[in-house]
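Let me begin by presenting the structure, written as structure tokens, before commenting on it.
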Amino acid sequence: MFENKWLLEDGYNKMVRNVWSKGGAACPLSNRLSSCGRQIQAWAHENSGCIPKKIKQVSRKLEERLCSEEIDDNSVEIRKLEAELEKLHSQEEMHWHQRSRNN
């Protein structure tokens, strides 16, 4: 089943474009669809882990950086962690929104 949250993952769109373009225009649509489906499943298995666990990990890292005495040195990393945390929360929201519509 397609997960909307995958659209926020780095590399998802590029992976789909690469798989879809393999074989060129001569490749039958059914082959492209089946190949793309297999690749998406493999990609999802490798890249789409447990979001709550990732949120805890990133939150912990962010808290450590914020409590560090070297906040100025960590400011770029802090912004990156905040952006990652925001993305993870968006993915979790998309996950539950999609589940609520499927049931």
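The values are calculated or read from the model by the stated rules, or taken from the named source; none is laboratory data. As the structure is a computational prediction, the values presented were derived from the model and not from experiment. Cβ: placed from backbone, ideal geometry, glycine included. Neighbour counts: every protein chain shown. Areas reflect the complete protein model, heavy atoms only, side chains present, ligands, DNA and RNA absent. Shrake-Rupley method; radii C 1.70, N 1.55, O 1.52, S 1.80 Å.
Given N residues in the chain, what is its alpha carbon radius of gyration divided by 2.2 N^0.38 Å?
1.41
Between Q39 and E82, how high is the FRET efficiency from 1/(1 + (r/R0)^6) when r is the Cβ-Cβ distance and R₀ = 30 Å? Nearest 0.05.
Efficiency computed from Cβ-Cβ geometry: 0.40.
Can you give the accessible area per residue of the chain, in Å², using a 1.4 Å probe?
Numbers: 7600 Å² over 103 residues.
In whole numbers, the chain has 74 Å² accessible per residue.
For the pairs K22/K56; K22/K80; K5/K56, flag any whose C-alpha to C-alpha distance is greater than 28 Å. Show your work: numbers first, answer last.
Numbers: K22/K56 38 Å; K22/K80 34 Å; K5/K56 18 Å.
K22/K56; K22/K80, as the Cα separations exceed 28 Å there.
Top mean-square fluctuation among V19, V58, V76, Gaussian network model of the chain, C-alpha springs under 10 Å?
V76
So the label point goes 7 Å from the Cα of N47 along Cα→C-beta, right? Which residues of region 70-99 then have their backbone N under 20 Å from it?
Taking a point 7 Å out along Cα→Cβ of N47, the residues of region 70-99 whose backbone N falls under 20 Å are 81, 83-96, 98.
Give me the one-decimal nm value for the distance between modelled label points at S59 and S100, 7 Å along each residue's Cα-to-Cβ direction.
2.0
Within 10 Å of each candidate Cβ there may be at most 11 other Cβ atoms; applying that plus a DSSP loop requirement, which GluC sites (Glu not before Pro) in region 8-103 survive?
In loop regions of region 8-103 (DSSP not H, G, I, E or B), the sparsely surrounded GluC sites (Glu not before Pro) are E69, E70.
Comparing L88, L29, L62, which has the greatest mean-square fluctuation in the GNM of the chain with Cα pairs linked when under 10 Å apart?
Of L88, L29, L62, the Gaussian network model singles out L29 as fluctuating most.
Could you give the length gained by full extension between E70 and D10, i.e. 0.36 nm per residue of separation minus their alpha carbon distance, to one decimal place? Display every interim value, and only then the final one.
Working: separation 60, 0.36 × 60 = 21.60 nm, distance 2.93 nm.
18.7 nm is the gain from fully extending E70 to D10.
Could you please state how large a percent of the accessible area of the chain is carbon and sulfur, counting protein chains only and using a 1.4 Å probe?
So the carbon and sulfur contribution to the accessible surface is 51 percent.
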